[in-house]
Amino acid sequence: MLLQIYARAEESGLVENNVVQFPFTQQHLADTLGMSLVHTNKTLKRLLQSRAVRWEQRRFEVIDRAALEEIAGDGIRPRHPRPFI
């Protein structure tokens, strides 16, 4: 999901130096995915330990896009431009 949101932000011109400001928290992410906050936090911690991304203070940075796509199990397909949110 984070890769999809990042790609949408990128298409909308909201990414600068591989960083995008996310207008949501881990709790929002957990609620959207139907996961507990604890499970979401542990999953994000593993993702951050992969060093493919950083997420601090609602700033999401993609450090290694290829690694993130591999973790996600799917690349991003080109789409028509649309609003970020």
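The values are calculated or read from the model by the stated rules, or taken from the named source; none is laboratory data. Quick caveat: nothing in here was measured; it's all calculated off a predicted structure. Counting neighbours? That spans all protein chains shown, and the Cβs are built from the backbone with ideal geometry, glycine included.
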If the Cβ limit is 6 Å and pairs must be 6+ apart or interchain, which residue in the stretch 1-17 that is farther than 22 Å from T43 by Cα pairs with which residue that is among the small types (G, A, S) and surrounded by 12 or more Cβ atoms within 10 Å (Cβ to Cβ)? V15/A9
Among the residues of the stretch 1-50, count how many are among the acidic types (D, E) and modelled with pLDDT under 95. 2
Okay, helices (runs of 4 or more DSSP H) sitting entirely in the stretch 1-60 with 2 or more residues that are surrounded by fewer than 11 Cβ atoms within 10 Å (Cβ to Cβ), I get 37-49
